[in-house]
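Engineer: Sharing a structure here in structure tokens format.
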Amino acid sequence: MFKGTPVSEGIGIGKILLLEEAKLEYTPHAVADPAAEAERFRAAIEELTRETRRDAASLRETAGEKEALIMEGHISLINDPALKGETENLIMGGQCAEAAYESMCDMFIGIFSSMEDEMMRQRAADVRDIKDGLLRILLGVKEVKISDAPKGTVILTRELTPSVTAGIKKGNIVGIITETGGKTSHSAILARALEIPAVLSVPNAASVFKNGQPVIVDGTTGIVIPDPSFDELNEYTEKRAAFIKEKEELGRFRGLRTVGADGREYELVCNIGKPDDANKVIEFDGEGVGLFRTEFLFMDRSSVPTEEEQFAAYQKAALILKGKPLIIRTLDIGGDKEIPYMGLEKEENPFMGFRAIRYCLKNRELFRKQLRAMIRASAFGDIRIMFPLITCAEELREGRAMVEDIKKELTILGIPFKKDIKVGIMVETAAAAMLADVLAKEADFFSIGTNDLTGYTMSCDRGNSNVAYLYSALQPAVLRMIERTIRCGREAGIPVGMCGEAAGNEKLIPLLMSFGLTEFSVSAPSVLRVRKCISKWTKAHADEVAAKAMSMTTEQEVSAYLATVI
Ligand code: PEP
Ligand code: MG
């Protein structure tokens with residue numbers, strides 16, 4: 001059994017087709033007629049552009065517009081004036097076209113590969129793809145085509161380039177294995193778009209596996225099983241059938257509203273970390289964003305993002321969401337979220353220490369910039385502001401006062417914003433849950449953060465395996481905190497959502513519906529599954545189950561009982 005990175009869900013069972021790379025060998029030599037050589041080079045560029053255009057058209061049909069754009073990107077790269085111009089200069093200096101182009105491409109590959117940004121590193125793979133394409137044309141090597149692969153083929157290749165993918169016939173290719181590439185590589189994007197199970201970065205796959213070898217590819221777990229046994233084949237055939245059935249069933253929930261079996265309506269939104277993730281919300285049919293974790297904008301860089309950079313990020317998410325709700329949480333650093341350049345002191349008890357709203361209220365300039373960026377961006381969508389780790393009314397009041405100050409300032413300056421922008425809080429500390437009746441009078445909404453609320457209520461650190469048995473949102477103590485928070489919010493007439501992981505927990509969903517939760521915020525790929533879970537319950541039935549679960553004494557009892565009703 002081998003293990004790689006699972007990037008496209010599903011089970012593929014078939015026979016390996018090893019896509020060996022074409023041998024692009026030549027001897028660099030000096031040319032006698034550089035002008036003619038340059039002409040040969042330009043003709044090859046034109047031929048590659050034509051081929052790539054054909055591939056883009058074919059991808060547009062099999063995978064979709066976004067995927068075709070990857071190939072359109074190749075066309076720009078092939079015709080990049082710097083790459084083309086510098087190659088021609090080398091040719092005019094006497095080098096053969098192959099050597100000139102290869103050395104220029106290798107230079108770009110070196111630059112892109114050394115960059116930190118994953119997207120830029122991806123450009124290196126793109127340049128490698130076009131380099132091979134051009135050398136193939138110059139050397140007259142026949143292209144490996146997979147369009148003739150028979151049904152039940154599992155492709156194995158070092159790297160799945162877009163030009164190879166363009167030839168895939170969806171019905172025939174049942175799995176993809178590669179030696180390189182991660183979750184965000186083009187190989188992964190294309191495999192997902194074609195809905196073909198794929199496992200990337202399986203070490204030495206191309207030298208270990210053989211052509212025609214039977215294989216199972218599990219794109220959900222990343223497991224690859226060559227020469228499967230009879231039992232393994234049976235097991236995975238069943239898994240494949242279950243996966244296909246589940247997918248079809250979930251597909252029926254796409255485009256529908258989120259309603260219980262009695263027609264009661266709920267909001268089903270998503271958690272995101274970057275503005276681009278808003279595209280995933282749309283792709284997976286989410287109804288908006290219930291938590292934008294802004295700390296990701298502060299990570300993987302060496303200084304605080306400016307107000308303008310933040311404004312651009314929030315505005316981008318708002319524009320992608322086209323008026324759907326967008327709850328942006330103010331910076332939640334400290335605890336397990338470290339940002340080196342912010343110089344947080346090492347503390348004895350970081351989870352109890354100087355973090356989140358506490359840090360922001362003491363670093364006003366930083367906080368002001370973030371709030372200002374959010375409020376300005378509110379002119380472009382339904383943006384709402386949320387404070388993390390609230391434990392007392394003063395923190396909420398101080399934060400709200402800053403929001404009001406900024407609104408006044410923007411009004412004077414004539415800068416547009418949403419006048420009635422909502423300001424809510426995360427209920428993720430035991431203090432906030434106990435004080436929910438008071439806080440509900442001053443917050444516009446609550447969102448329950450069960451990831452932290454569970455830890456704080458049970459006084460247990462989820463990273464500590466010795467106490468992991470306590471870390472469960474189904475603990476009666478945590479359930480009481482959740483019930484209380486929702487009840488207090490309801491009594492005060494404010495909406496209550498949940499953005500902790502528990503919002504997608506099938507066992508907990510009937511309880512949350514019974515308590516009166518109105519908004520569920522989950523990861524984008526969970527949207528249809530959660531919509532389906534919610535659709536199974538009427539309020540009356542959920543009430544019955546909740547009453548029984550709440551009468552139980554231990555987490556084990558609650559969990560075992562809920563397992564019987566879902
Ligand atoms: C939570 O605590 O439940 C939450 C959603 O916030 P985070 O996971 O970012 O701490
Ligand atoms: Mg939290």
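The values are calculated or read from the model by the stated rules, or taken from the named source; none is laboratory data. In this text the structure is predicted, and so the values were computed from the model without any measurement. FYI the Cβ positions are ideal-geometry reconstructions off the backbone, even for glycines, and counts take in every protein chain you see. Accessible surface areas use protein heavy atoms only, side chains included; no ligands, DNA or RNA. Shrake-Rupley method; radii C 1.70, N 1.55, O 1.52, S 1.80 Å.
Engineer: Using just the helices of the chain, give the 222 nm mean residue ellipticity in deg cm²/dmol: DSSP H runs with n ≥ 4 each add -39,500 (n - 2.57), and the total is spread over all residues, rounded to 500.
Structural biologist: Numbers: 23 runs with 275 residues, N = 566.
Theoretical 222 nm ellipticity from helices: -15000 deg cm²/dmol.
Engineer: List the residues whose amide H sits under 5 Å from the amide H of LYS337, counting only those 5 or more places along or on another chain, with H placed 1.01 Å from N in the peptide plane.
Structural biologist: Those lying under 5 Å, H to H, from LYS337: there are none.
Engineer: Can you tell which of ALA468, PHE417, MET434 lies farthest toward the positive end of the dipole of segment 414-501, using +1 and -1 charges on the Cβ of basic and acidic side chains (Lys, Arg; Asp, Glu)?
Structural biologist: Working it through, the farthest residue towards the positive pole turns out to be PHE417.
Engineer: Calculate how large, on average over all directions, the projected area of the Cα convex hull of the chain is; give the answer in nm² to one decimal. Show your work: numbers first, answer last.
Structural biologist: On the way: hull surface 120.9 nm².
Over all viewing directions, the chain projects a mean Cα-hull area of 30.2 nm².
Engineer: Follow-up. Go through segment 313-399 and name the trypsin sites (Lys or Arg not before Pro) that are in a DSSP coil and have 13 or fewer other Cβ atoms within 10 Å of their Cβ. Don't skip to the end; give the middle numbers.
Structural biologist: Working: sites: LYS316, LYS322, ARG329, LYS337, LYS346, ARG355, ARG358, LYS362, ARG364, ARG368, LYS369, ARG372, ARG376, ARG384, ARG397; in loops: LYS322, LYS346, ARG355.
Those satisfying the criteria are LYS322, LYS346.
Engineer: Segment 3-17 to segment 449-488: how many Å between their Cα centroids?
Structural biologist: Value for the Cα centre distance between the two parts: 37 Å.
Engineer: With +1 on each Lys and Arg Cβ and -1 on each Asp and Glu Cβ, and nothing else charged, work out how big the dipole of segment 206-271 is about its Cα centre, in Debye to the nearest 20.
Structural biologist: Working: 9 positive and 12 negative charges, 63 e Å.
That gives a dipole near 300 debye.
Engineer: Each residue of segment 194-207 in order: what ³J(HN,Hα) in whole Hz does its phi give by Karplus 6.51 cos²θ - 1.76 cosθ + 1.60, θ = phi - 60°, with x for Gly and Pro?
Structural biologist: Residue by residue, segment 194-207 yields 8, 6, 10, x, 9, 10, 9, 6, 8, x, 6, 3, 5, 9 Hz.
Engineer: Listed here are the pairs LYS15/LYS239; LYS316/LYS536; LYS324/LYS407; LYS151/LYS532; which of them are more than 24 Å apart at the Cα? Numbers along the way, then the final one.
Structural biologist: Working: LYS15/LYS239 18 Å; LYS316/LYS536 35 Å; LYS324/LYS407 22 Å; LYS151/LYS532 33 Å.
From LYS15/LYS239; LYS316/LYS536; LYS324/LYS407; LYS151/LYS532, over 24 Å: LYS316/LYS536; LYS151/LYS532.
Engineer: Given charges of +1 on the Cβ of Lys and Arg and -1 on the Cβ of Asp and Glu, with all other atoms neutral, how large is the dipole of segment 330-374 about its Cα centre, in debye to the nearest 20?
Structural biologist: Roughly 360 debye for segment 330-374.
Engineer: Where a ≥ b ≥ c are the square roots of the eigenvalues of the C-alpha gyration tensor, would you call segment 153-250 rounded, which needs a/c under 1.5, or, failing that, prolate if a/b is larger than b/c, or oblate?
Structural biologist: On the way: a/c = 1.75, a/b = 1.15, b/c = 1.51.
Oblate shape, in that a/c is at least 1.5 and b/c is the bigger or equal ratio.
Engineer: Looking at segment 153-250, send over the antiparallel percent of its DSSP beta bridges, to the nearest 5. Mind dumping the intermediate values first?
Structural biologist: On the way: 4 of 11 bridges.
Here the antiparallel bridges make up roughly 35 percent for segment 153-250.
Engineer: Over the chain, what is the percentage of antiparallel beta bridges among all DSSP beta bridges, to the nearest 5?
Structural biologist: Numbers: 18 of 55 bridges.
Counting DSSP beta bridges with both partners in the chain, the antiparallel share is about 35 percent.
Engineer: Here's something else I'd like to know. What is the chain's relative contact order, in percent, from Cα pairs under 8 angstrom and six or more apart in sequence? Mind showing how you got there, number by number?
Structural biologist: On the way: 1061 pairs, mean separation 74.3, N = 566.
Once divided by the residue count of the chain, the mean separation gives 13 percent.
Engineer: While we're here: Among the GluC sites (Glu not before Pro) in segment 1-103, which ones are in a DSSP loop with at most 14 other Cβ atoms within 10 Å of the Cβ? Mind listing them? Each step should come with its number before you reach the end.
Structural biologist: Values: sites: GLU9, GLU20, GLU21, GLU25, GLU37, GLU39, GLU46, GLU47, GLU51, GLU61, GLU65, GLU67, GLU72, GLU86, GLU88, GLU98, GLU102; in loops: GLU9, GLU20, GLU21, GLU25.
The qualifying sites are GLU20, GLU21, GLU25.
Engineer: Using only Cα atoms, locate the centre of segment 272-340 and the centre of segment 161-179, then give the distance between them in Å, rounded to an integer.
Structural biologist: Here the two parts' Cα centres lie 33 Å apart.
Engineer: Of the heavy-atom accessible surface of the chain (probe 1.4 angstrom), what whole percent is carbon and sulfur?
Structural biologist: Working: 13800 of 25520 Å².
Ligands and nucleic acids excluded, carbon and sulfur reach 54 percent.
Engineer: Could you give the angle, 0 to 90 degrees to the nearest 10, between helix 476-492's Cα long axis and the longest principal axis of the Cα atoms of the chain?
Structural biologist: Around 80 degrees separate the two axes.
Engineer: Can I ask one more? Apply the Karplus curve 6.51 cos²θ - 1.76 cosθ + 1.60, θ = phi - 60°, to the phi angles in segment 360-373 and return the couplings in whole Hz, x for Gly and Pro.
Structural biologist: Rounded to whole hertz, the list is 5, 5, 9, 10, 4, 5, 4, 5, 4, 4, 5, 4, 4, 4.
Engineer: Let me ask another. Residue by residue through segment 36-44, what is 3J(HN,Hα) from phi via Karplus (6.51 cos²θ - 1.76 cosθ + 1.60, θ = phi - 60°)? Round to whole Hz and write x for glycine and proline.
Structural biologist: 5, 5, 5, 5, 4, 4, 4, 5, 5
Engineer: Do any trypsin sites (Lys or Arg not before Pro) in segment 1-74 lie in a loop, going by DSSP, with at most 13 other beta-carbon atoms within 10 Å of their beta carbon, and if so which?
Structural biologist: Values: sites: LYS3, LYS15, LYS23, ARG40, ARG42, ARG50, ARG53, ARG54, ARG60, LYS66; in loops: LYS23.
Loop-located and lightly packed - LYS23.
Engineer: For the chain, what is the accessible area per residue in Å², given a 1.4 Å probe and the full set of protein chains?
Structural biologist: Details: 25520 Å² over 566 residues.
With all protein chains present, the chain gives 45 Å² per residue.
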